[in-house]
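Read through the structure below, which is laid out as structure tokens, and then see the notes.
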Amino acid sequence: MPVGDSHSSINVIGSSEAFRQLLRLVEKVAPSQQSLLICGPTGCGKEVIAQLVHQRSKNPSAPFIDLNCGAIPEHLVEAELFGHVRGAFTGASGDRRGHLEMVGSGTLFLDEIGEMPLSVQPKLLRALETRTFRPIGSSDVRHFKGRVVAATHRNLLTQVKSGVFREDLYYRLGVITLDIPALNQRKEDIPALIEYFASLQTHRLVFNAHAMSHLQQYPWPGNVRELRNLVDRLAALSDTHLITREVLDTFMPTAQLEVKLSADLLADAMLALPGGDKLEAVEQLLIERALQRTTGNKTAAAQLLGISRKSVERRIHGRMDKRPIALQHLQTGIRLMQSAAYHEAIADLQKGLQLLVGITLDEEVRQLHYNLYRQLSLSYQILHGWLSHDALKYHNDAISLGKKTGDESELAGLFFWRWSAQLMALELPHVRTLAQELLQHGQTEKTALIWGEAHIALASTLFWLGDNQEVLTCLVRSKLLNSSAEYTDQQGLDLFGMALTLEGLASFQRGKFKRAKEIAKKLELRGHDETLIVFHRVISLRGAAWLACLFEDRDRLGPLTHALEIQTQQYGFAFYQGLGKVLKGCYLLMQHDYVQAEQHMIDGFDTHLFSEGGKLFHSFHAWKRGELLLLSGQPQQCDILISQALDLAFKHQERAYLSELMIIQARAKWALSDATGAEQGFRCAIATAQALGIVPAQIAATHELASLLAQTKRKPEAITLLSSILKSIDSQGSHPIVSRATQLLAELEQPN
């Protein structure tokens, strides 16, 4: 965790009254040892204020330690706070001091305290109240001598009421609360902030008066961080050092968001209305608005429109007979979707929407609109992925109408798709919050469908956060795998197939190789089961191929990727076609066909996955492509690729294949004759894999490190490392890396 330099100066920019009031309060409370709670929206500078509090405290030379409660797996939060002794849990190979001890008399900054697991909260409360704690697995009492400063962008009182944050801890932390104003509440500070951020750039930037005025009027939803990012982008990408309003328009969304009441813009908005007959659409909009303003009084509405009441009634009744035809298109579209004819389904569903243009939005028409939007969103998502522009457009339309229909179960399903889109964008902290909200929906609605969707959402999120034990626990709670009855929701999702895949992946990472192989066989059977709908077979083929790749099972991976390729191409599943290409590249890599392997990996990821903004499989793709570059004699390119992938993983807190990336980078350094860097990399990979409980990566990194140690005349240490890791694993259903490690150990133990 980051430890701040206590002697460095904290730059606090702002002279507005709201900000000066905050600074005055900081000066008053900083010298005390009372806990502080810093509240404010994302990007407003909570950590800067925490550092300022530390700098103004009685012990500014003591450590400042930052722990982000939402950035590490739940089961590691307690170990990070309190430390542990050797053998306290699986992977605890030695004693480790926790942050409560390391901070000494300094400041422990608990960022995003609202994300702290409920199970850890009472233990933190006790440590704050008694000023003592015990490391995990130890009976020794340690003393906490420092101060806790917590921060959150959430409303903790709301979390207290909903039962996800302890009331006693809230009041213990909130002895003193510092509320940081949003940037739009201190607009007069914007010029000074811009000047400061511009001074940090290597390229000079000058903002003219018009540009500065525009920046002061912008609402800044991302607060100071958004402003800083804008200045950074301008410095890096602007062709001129003079920043005008025109330059800003190319870097900011405000030009599209401004509303100007002009005839041209009004006409353009009308031309952008959905449907073929724009005049009919505009006419109906005017009628609906007039009826809304007159609370349904047709005579008054007619007066507003300047026509007779009979004209209003004639126009309304003239469109009523289109409803049954629109319903027929909806039903036809759903039947086509069930037979995997998604392109044809989209055409029928859009015809249904066009028929509804101009019909008054009563409850029946609203429900028709809602169902058409929802099925269109699903069709585009299956064909083009979770971040398809058309899918998101229709999804948002459905959300808007769903709120008006008031069907909570339908809305919960739509929020599941919103979670999916955020997951593909790798916004993992936000994704976790959405998954927990879905779980609350499931607990409230008490339906098997919503309950299953919520647990799939949470388990998927936990997998990409690297918390595989919690994935398995979540799946057990869901009961999705307890029955042979397979859950299929009304939106076409294969919850059983998704749950089975997640169990297989998490079991593999936890070293339960026998169970993972059993699941791989189940998925393979489902993938070839003609009684299942096509999309469900694709989900199963993807899971089976993924596991075959992890097990280095070339004989299974080849046929599986071939079957996946045929199904996705035949039915136009572009997103899953991309995944299939990446996995086909892994198969070709095993065949040593490096040129074709790289072509498949790049085409699959860049063309089909990343092109829509999806980042979810970036670490898996980078791991395998890095391995390809190494095997084809390109260690320098491999090092560059993995460095970029690690940056992205750290930025998004994605840890599913973090250890594997570290291993590949260390191998690249070894190939570049940097033995010291390679050794450090392997040791870091081992520590990371141990912390996350990822067994295959622990074995792989230990095997590589042992090889390096043996080559550098440290054979006894290599033998000790290999013996230790091999004793700790389950030999059932083994993995090739276990065989390689066992073979290396046997070779090293032979007398010279």
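Readers should treat all values here as calculations from the given coordinates under stated rules, not as data from a laboratory. All of these numbers come straight from a predicted model, not from anything done at the bench. Every residue, glycine among them, receives a Cβ derived from its backbone with ideal geometry; neighbour counts consider all protein chains shown.
Roughly what % of Cα-Cα distances in the range 1-144 sit above 26 Å, to the whole percent? Result for the distance tail: 28 percent. Dipole orientation for the chain: of the candidates ALA290, ALA301, GLY43, GLY43 has the Cα lying most toward the positive pole (charges on Cβ; Lys, Arg +1; Asp, Glu -1).
For the chain, the residue among LEU76, GLN328, LEU125 whose Cα projects farthest onto the positive side of the dipole built from Cβ charges is LEU125.
The residue among ALA235, ALA211, GLY222 whose Cα reaches farthest toward the positive pole of the charge dipole of the range 185-257, with charges on the beta-carbon of Lys, Arg, Asp and Glu, is GLY222. When only Cα pairs below 8 angstrom with a gap of at least 6 residues are kept, the chain shows a relative contact order of 8 percent.
Using R₀ = 35 Å, calculate the FRET efficiency as 1/(1 + (r/R₀)^6) where r is the Cβ-Cβ separation of ASP168 and ARG97; round to 0.05.
Working: r = 27 Å, r/R0 = 0.77.
The formula returns an efficiency of 0.85 here.
Once C-alpha pairs closer than 8 Å and six or more residues apart are averaged by separation and normalised to the residue number of the range 39-155, the relative contact order reads 33 percent. For the chain, what does the alpha-carbon gyration tensor say about shape, rounded, prolate or oblate, given a ≥ b ≥ c as the root eigenvalues, a/c under 1.5 as rounded, and a/b over b/c as prolate? Because a/c hits 1.5 or more and a/b fails to exceed b/c, the chain counts as oblate.
Taking 16 Å as the straight-line reach from the Cα of LYS28, the lysines in range (excluding those fewer than 8 positions away in the same chain) are LYS58. Only the Cβ atoms of Lys and Arg (+1) and of Asp and Glu (-1) were treated as charged; on that basis the dipole of the chain about its Cα centre amounts to roughly 1360 debye. Between ILE566 and LEU279, the modelled label-to-label distance comes to 5.4 nm, taking each label 7 Å out from Cα in the direction of the beta carbon.
Please tell me the relative contact order of the range 185-257 in percent, rounded to the nearest whole number, where contacts are Cα pairs under 8 Å and at least six residues apart. Normalised by residue count, the contact order of the range 185-257 is 40 percent.
Take the residue pairs LYS145/LYS615; LYS514/LYS651; LYS123/LYS651; LYS514/LYS669; LYS521/LYS615 and return only those whose Cα atoms are more than 31 Å apart. The partial results should precede the final answer.
Values: LYS145/LYS615 42 Å; LYS514/LYS651 34 Å; LYS123/LYS651 29 Å; LYS514/LYS669 34 Å; LYS521/LYS615 28 Å.
From the list (LYS145/LYS615; LYS514/LYS651; LYS123/LYS651; LYS514/LYS669; LYS521/LYS615), the Cα-Cα distance tops 31 Å for LYS145/LYS615; LYS514/LYS651; LYS514/LYS669.
Here is how the number arises for the chain: DSSP H runs of 4 or more residues each give -39500 (n - 2.57), the sum is divided by the residue count, and the result at 222 nm is -20000 deg cm²/dmol.
Pairwise Cα distances in the range 77-144 exceed 14 Å in 58 percent of cases.
Net length available on complete extension from LYS58 to ALA300 is 79.9 nm, with 0.36 nm assigned per residue and the Cα-Cα distance removed.
Nearest 5 percent is fine: what portion of the DSSP beta bridges confined to the chain is antiparallel?
Values: 7 of 27 bridges.
Roughly 25 percent of the beta bridges in the chain run antiparallel, per DSSP.
From least to most packed, judged by other beta carbons within 10 angstrom and beginning with the fewest, ILE533, ILE686, ILE346 follow the order ILE533, ILE346, ILE686. With the simple spin-label model, which puts each label point 7 Å out from Cα in the Cβ direction, the LYS521 to ALA18 separation comes to 6.4 nm.
Can you compute the charge dipole magnitude of the range 3-181 about its Cα centre, using +1 on each Lys and Arg Cβ and -1 on each Asp and Glu Cβ, nothing else charged? Give it in debye, rounded to the nearest 20. It would help to have the intermediate numbers written out before the result.
Details: 20 positive and 18 negative charges, 100 e Å.
Its charge dipole is roughly 480 debye.
Eigen-decomposition of the gyration tensor built on the alpha-carbon atoms of the range 615-752 gives equivalent ellipsoid semi-axes of 25, 18, 12 angstrom, largest listed first.
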